[in-house]
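The values are calculated or read from the model by the stated rules, or taken from the named source; none is laboratory data. Since the structure is predicted, the reported quantities are computational estimates derived from the model, not experimental observations. Quick reminder, even Gly has a Cβ in these numbers, built from the backbone with ideal geometry, and neighbours come from all protein chains shown. These area figures cover heavy atoms from the full protein model, side chains too; ligands, DNA and RNA do not enter into them. Shrake-Rupley method; radii C 1.70, N 1.55, O 1.52, S 1.80 Å.
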Amino acid sequence: MPPLISDDGRWWWDGTRWRPRTVEGKLDLFWFTSSPEWFTRVVVTGLIGLIPIVGAINLLGWTLEAADMVRGGWRELPVPGFRYLERGAAPFVVSLVYGVVLLMVVGVLVFFVVLLATSGERGIVPAVLLGLFIALIFVASLYIFAALILASDRLGIARAIDPRRLFALARANHDISLHVALIYGAATIVVAMISLAVGVIIPFGSLIVSLGLPAVYAMIVPSLATFRIEEPPPTALAA
């Protein structure tokens, strides 16, 4: 049964009291849990997300649509469906390219870490330093995550695939980039740990936990809504 909406469209009845459908003040981390039909929209979008490739593309598009709604003043998650595939295609392609490059680079570095660590006492310190460098790479990838999603959506694949442009945009929105990195990184770790624990007890239980992945993206939506995409000057890209 759809929620009861006020005549002006600004309020909805949750069964006990009227709640706002519009953004009023700063949104907290779990802002979406007080929006209409949030649980159904998260779970159904999560079910779609289980579809290989298509689900990931759709989830990215759904997240961008949610950011647009918040930016437009609506405290609400988008309805589930496959209508977000086109919009999620560019962020998916750019994410895939960066993911493949990251996997290759980290794979080579891990090989050298193992090689150094097993070469004797003289190799321990270089191995530790190289391990810290690998961790720094992951932190950097989280830092540009918001810039990657939004730049690929608004500037296109060709421009968003340039790491100089992404870092320039991330620096221009430093606080937001850092906030998104912390929330997304921490939430991803928590989801992975829960999935591992549930998977040990229930066969394929990790798939059930994956249904909540849209909620992780919903947490960063208010930050994405305030992220400003402006083409950095040529001197900034060349620096």
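Take the chain with all the other protein chains still there, run a 1.4 Å probe, and you get 56 Å² of accessible area per residue.
Take the Cα of ILE208, step 7 Å toward its Cβ, do the same at ALA172, and the gap between the two points is 4.6 nm.
Using 0.36 nm per residue and subtracting the Cα-Cα separation, the extra length available between ASP7 and ARG83 on full extension is 24.6 nm. Taking Cα centre as origin and charging only the Cβ of basic (Lys, Arg, +1) and acidic (Asp, Glu, -1) residues, the dipole magnitude of the chain rounds to 180 debye. Here the Karplus curve 6.51 cos²θ - 1.76 cosθ + 1.60, taken at θ = phi - 60°, turns the phi angles of the range 188-195 into couplings of 5, 5, 4, 4, 5, 5, 5, 4 Hz, with x standing for Gly and Pro. Show the residues, 5+ positions off or on another chain, whose built amide H is closer than 5 Å to the amide H of THR22. Here ARG75 satisfy the definition. Between VAL198 and ASP68, the FRET efficiency estimated from the beta carbon spacing at R0 = 45 angstrom works out to 0.85. In this simple spin-label approximation, GLU230 and GLU121 carry label points 7 Å from Cα along the Cα→Cβ vector, and these lie 5.7 nm apart. When the charge dipole of the chain is built from unit charges on Cβ atoms (+1 for Lys and Arg, -1 for Asp and Glu) and taken about the Cα centre, the candidate among HIS179, ALA218, ALA168 whose Cα reaches farthest toward its positive end is ALA168. Calculate what fraction, in whole %, of the accessible area of the range 99-234 sits on carbon and sulfur atoms when a 1.4 Å probe is rolled over the protein chains. Of all accessible area on the range 99-234, carbon and sulfur atoms account for 78 percent. Ligands, DNA and RNA left out, the 1.4 Å accessible surface of the range 1-84 is 63% carbon and sulfur atoms. Extension gain for TRP18 to LEU129 (0.36 nm times residue separation, less C-alpha to C-alpha distance): 34.4 nm.
3J(HN,Hα) along the range 207-214, derived from phi through the Karplus expression 6.51 cos²θ - 1.76 cosθ + 1.60 where θ = phi - 60°, amounts to 5, 5, 5, 4, 5, x, 4, x Hz, with x in place of Gly and Pro. Taking chymotrypsin sites (Phe, Trp or Tyr not before Pro) in DSSP loop states with no more than 13 other Cβ atoms inside 10 Å as exposed sites, the chain has its longest site-free stretch at 31-203.
Segment LEU29..MET104, full-extension length gain: 23.6 nm, with 0.36 nm per residue of separation and the alpha-carbon distance subtracted. The calculated 222 nm mean residue ellipticity attributable to helices in the chain amounts to -22000 deg cm²/dmol, summing -39500 (n - 2.57) over DSSP H runs of n ≥ 4 and dividing by all residues. Using the Stokes-Einstein relation with a Kirkwood hydrodynamic radius computed over Cα pairs, the translational diffusion coefficient of the range 80-239 at 20 °C and a viscosity of 1.002 mPa s comes to 120 µm²/s.
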